[in-house]
Amino acid sequence: MAKAWEAPPGAMVGHGTVETPWRQTATRWLARLGAWEQRAAQRRQLAELDDRALADIGRTRAEALAEAAKPFWQA
């Protein structure tokens, strides 16, 4: 049995915090959801760019629309 000042079995200790396997999994999923949300927003913004802005970043309208059509989970 762990003492009051020890981490529970299976927990990882780092930077003064105790990370349980459940918390690590939840943290990874939240990070993934955030990345997906950011990717979807960037693709929406890309689709809204005008031809001059697309030319500035070296992309064509077809390339921008193809990228914007990808599902959010696909990199």
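Taking the criterion of being at pLDDT below 95, outside any helix (DSSP H, G or I) and surrounded by 11 or more Cβ atoms within 10 Å (Cβ to Cβ), would at least one residue in region 19-28 satisfy it? Yes, the conditions are met somewhere in region 19-28. The set of residues in region 18-29 that are farther than 17 Å from residue 75 by Cα and not charged (D, E, K, R) comprises 18, 20, 21, 22, 24, 25, 26, 27.
The values are calculated or read from the model by the stated rules, or taken from the named source; none is laboratory data. Predicted, not measured: the structure shown is a model, and the values here were computed from it. In this analysis, Cβ positions are derived from the backbone assuming ideal geometry, glycine residues included, and neighbour counts consider all displayed protein chains.
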